[in-house]
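No lab work stands behind these numbers, since they all come straight from the coordinates. Keep in mind that what you see is a predicted model, and the values were worked out from it rather than measured. Methodologically, a virtual Cβ is constructed for each residue, glycine included, from the backbone with ideal geometry; neighbour enumeration extends over all protein chains shown.
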Amino acid sequence: MGMVGGGKGAFIGAVHRMAAALDGEIELVCGAFSSDPDRSSASGQALYLPPNRVYGNYEEMILREKQLPEGERMDFVSIVTPNHLHFGPAKMALENGFPVICDKPLSFDMDEAYELQRLVRQTGLLFALTHNYTGYPMVKQARAMIRNGELGKIRKIVVEYPQGWLSTKLEDDNGQKQASWRTDPKRSGIAGAMGDIGTHAENLAEYITGLKISELCADLSTFVDGRLLDDDGNVLLHFENGAKGILHASQISAGEENDLNIRVYGEKGGLQWRQMEPNSLVVKWLDKPMQVLRTGVGELYPEARAHARIPAGHPEGYLEAFANIYRNFAVCLRARLQGREPDPVYLDFPTVDDGVRGMHFIQKVVESSNSSQKWLDF
């Protein structure tokens, strides 16, 4: 793996590196860790990389790595920069034959998203997007249950992602780098909370249910005075099968941490999953007692079992879920390099198409919130 971004002072870069390393499938061999060459060099030194594999910018990294012999050069690029810096390295990596793992959202705007989708289809290269919450074993259990018809036809979907960390104007503090770029339209794009965490909720709802959003009606708010992007939003959803939904994303829900949660109701029963208690899946039946399914316990679907690592009763969490995306990507990439088909259970990670839907969701939510029209086609 070669990494773009994620140098000293970055948050998500370290998470990506831990996730990538967890299963012993991936080795970090090079990086352009900052747009500042000196900072990139210092970051590479802190990661014990040889100086000749630490680059001053992503252009240099991609071109020089491409010249190295196969087996020595990086096999793929991981992009962990802020939103406005996803497109350049992703595009150049694909054009030079390197598969990509990219942090979400996919890009800064729709034009960039469509261009990356076109390049992936043209090159046939693997592309993964780190919607990491899809990596939890009990999320995969929920998806398998719905796909196999256990809940019957889906009628109602409620998905929420409340946070409270931006309840004050944290971005005015020079030491708050994460708050600064996430609330800056020049770096984050046209949406704040809805782009940062609302896309996670949208992706989780579509992933678990297998249903696509067909229409939406949105109301975005900016509660903190002087903030340039939304910090709270509520969206009504229509799904392709006729199901109705509610999506709520907020970064001013004081006291909340990362309480992403989802409830799905079908004709026969419903289920509930919370990221703050990720090893449990609550299933409620119309005509029998409630069940609480646990990671690693009992007769779970193969998709859930394949994404759990440790004995039951030992919690698996955020890093393990994140690592499942990297592990699955690595298994599929290795199979391609060896000219064989991977086990289908590992063909399970968010793709560039999920990224395009996420960007389209952002665009339509903002458009809907600014419009007097009630419903917009998704």
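Principal semi-axes of the equivalent ellipsoid, √(5λ) from the alpha carbon gyration tensor of region 174-242, are 28, 13, 8 Å from largest down.
Please identify every one of the chymotrypsin sites (Phe, Trp or Tyr not before Pro) in region 189-262 that sits in a loop by DSSP and has no more than 14 other beta carbons within 10 Å of its own beta carbon. Before the final figure, lay out each step's value.
Working: sites: Tyr207, Phe223, Phe239; in loops: Phe223.
Passing sites in region 189-262 are Phe223.
Which value, in Å to one decimal place, does the Kirkwood hydrodynamic radius take for region 170-209 when every pair of different Cα atoms is included?
Details: mean 1/r = 0.0898 Å⁻¹.
It is 11.1 Å.
Placing pseudo-labels 7 Å out from each Cα toward the beta carbon at Glu59 and Lys186 gives an inter-label distance of 2.1 nm. Within the same chain, aspartates and glutamates fewer than 8 places from Lys284 are excluded, and of the rest, those with a Cα less than 18 Å from its Cα are Glu150, Glu267, Glu299. Extending 7 Å from the Cα toward the beta-carbon at both Glu257 and Ala312 defines two label points whose distance is 2.5 nm. Between Glu72 and Met276, the FRET efficiency from the beta-carbon distance, with R0 = 51 Å, is close to 0.75. Rounded to the nearest 20, the size of the Cβ-charge dipole of the chain about its Cα centre is 800 debye, with Lys and Arg at +1 and Asp and Glu at -1. Contact order, relative form, for the chain: 19 percent (alpha carbon pairs under 8 Å, 6 or more residues apart, mean separation divided by residue count).
Which one of Leu229, Ile213, Gly175 has its Cα pushed farthest toward the positive end of the charge dipole of region 120-263, where Lys and Arg give +1 and Asp and Glu give -1 at the Cβ? Looking along the dipole axis, the top candidate is Ile213.
The fraction of Cα-Cα pairs per 5 angstrom bin, counted from 0 for region 299-373, comes to 3, 12, 15, 16, 15, 12, 9, 8, 6, 3, 1 percent, rounded to whole percents.
Nothing charged except the Cβ atoms of Lys and Arg (+1) and of Asp and Glu (-1): what's the magnitude of the dipole of region 2-129 about its Cα centre? Round to the nearest 20 debye.
Details: 11 positive and 17 negative charges, 23 e Å.
Dipole of region 2-129, to the nearest 20 debye: 100 debye.
Please go through the residue pairs Lys212/Lys374; Lys8/Lys212; Lys177/Lys364; Lys169/Lys244 and name each one whose alpha carbons sit more than 30 Å apart in this structure. The answer is Lys8/Lys212; Lys169/Lys244.
Region 280-378: which trypsin sites (Lys or Arg not before Pro) are DSSP loop and have at most 13 other beta-carbon atoms within 10 angstrom?
Values: sites: Lys284, Arg294, Arg305, Arg309, Arg327, Arg334, Arg336, Arg340, Arg357, Lys364, Lys374; in loops: Arg309, Arg340, Lys374.
Of the trypsin sites (Lys or Arg not before Pro), the ones in loops of region 280-378 whose Cβ has at most 13 other Cβ atoms within 10 Å are Arg340, Lys374.
Note on region 2-129: Rg/Rh from Cα positions, Kirkwood definition for Rh, rounded to two decimals, is 0.94.
Divide the volume of the convex hull of the Cα atoms of region 135-174 by its number of residues and quote the answer in cubic angstrom per residue.
112
Which one, Trp375, Ala308, His131, projects farthest toward the positive side of the charge dipole computed for the chain from Cβ point charges (K/R +1, D/E -1)? Checked the options; the winner is Ala308.
Under unit Cβ charges (Lys, Arg +1; Asp, Glu -1), what dipole magnitude, rounded to 20 debye, does region 165-292 have relative to its Cα centre? Before the final figure, lay out each step's value.
Details: 13 positive and 20 negative charges, 79 e Å.
For this selection, approximately 380 debye.
Here the residues Thr351, Thr183, ranked from fewest to most Cβ neighbours within 10 Å of their Cβ, fall in the order Thr351, Thr183. Along each principal axis, taking the top coordinate minus the bottom one, the Cα set of the chain gives 64, 50, 39 Å in descending order.
Selection among Val29, Val100, Val120 by position relative to the dipole of region 2-129 gives Val29 as farthest towards the positive end (Cβ unit charges, Cα centre). Over the C-alpha trace of region 221-360, radius of gyration and Dmax come out as 18.8, 56 angstrom. Set the Cα radius of gyration of region 250-313 against 2.2 N^0.38 Å, with N its number of residues, and you get 1.32. Relative contact order for region 2-129: 21 percent, from Cα pairs under 8 Å spaced at least 6 residues apart, divided by residue count.
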